[in-house]
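Notes for the one structure printed next.
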Amino acid sequence: MKSISVNTKLYYLLTYADGELHEKEKEMGEKMLWHEAMSKEKFNDQISILEKESKEAIFADCMKELKSFTQNDQINCLAWMCLIANADGFMDKNEWDLIYRIYHKQLGLTLSDITARQKELHRFIMQYRDIPEASATPAKKPETEVKKSDYKPSKSDKPKLSFPM
């Protein structure tokens, strides 16, 4: 199988576990892409490749890769799966079966570790929830540039102390 990120494989297996891709799951997947610094175009190309593979082959390949990861990285991957599965407000039985099969039966991880990481990731995404949209807009070039030789600092430009004296 062509080199495809484990998170993409897990996303594919999970989002189609219940037979349909929900809009909220898609949105959470985009947050995962942003957080993991993955290109949306590359992600979509990888999903197209996965659609041609059997789910059993994807799962086997995924487990092989996950078992070579550190426990911390395994927990991150499973935490993202939980966030995506819960994004639509409901974790389908098939989604839970897949997550349980991976974290408990295949990797021997504890649910409490995954849940703790899931909460950390959720807090992080909520704190920066507008960043993906904001980062998509190109930076504007200033209308006029000030040359260093023309710049004269004002009194308000003085650095302020951040502690009381």
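The values are calculated or read from the model by the stated rules, or taken from the named source; none is laboratory data. Bear in mind the structure is a predicted one, so any value in this text is a computation, not a measurement. Heads up, the Cβs are rebuilt from the backbone with ideal geometry, glycines too, and the neighbour counts pull from every protein chain shown. Surface areas here come from the heavy atoms of the whole protein model, side chains and all, with no ligands, DNA or RNA. Shrake-Rupley method; radii C 1.70, N 1.55, O 1.52, S 1.80 Å.
Legend: residues 59, 90, sorted from most to least accessible area (1.4 Å probe; ligands, DNA and RNA excluded), read 90, 59.
A DSSP coil position with no more than 16 other Cβ atoms inside 10 Å describes the following trypsin sites (Lys or Arg not before Pro) in the stretch 31-113: 52. Heavy-atom accessible area for residue 126, with the other protein chains in place and a 1.4 Å probe, reaches approximately 90 Å². Applying the Karplus relation 6.51 cos²θ - 1.76 cosθ + 1.60 with θ = phi - 60° to the stretch 3-14 yields 3J(HN,Hα) values of 5, 10, 4, 4, 4, 5, 4, 5, 4, 4, 4, 6 Hz, where x marks Gly and Pro. Calculated from the alpha-carbon coordinates, the stretch 1-91 shows an Rg and a Dmax of 12.3, 33 Å respectively.
Heavy-atom accessible surface of residue 104, to the nearest 10 Å², is about 90 Å², with a 1.4 Å probe and all protein chains retained.
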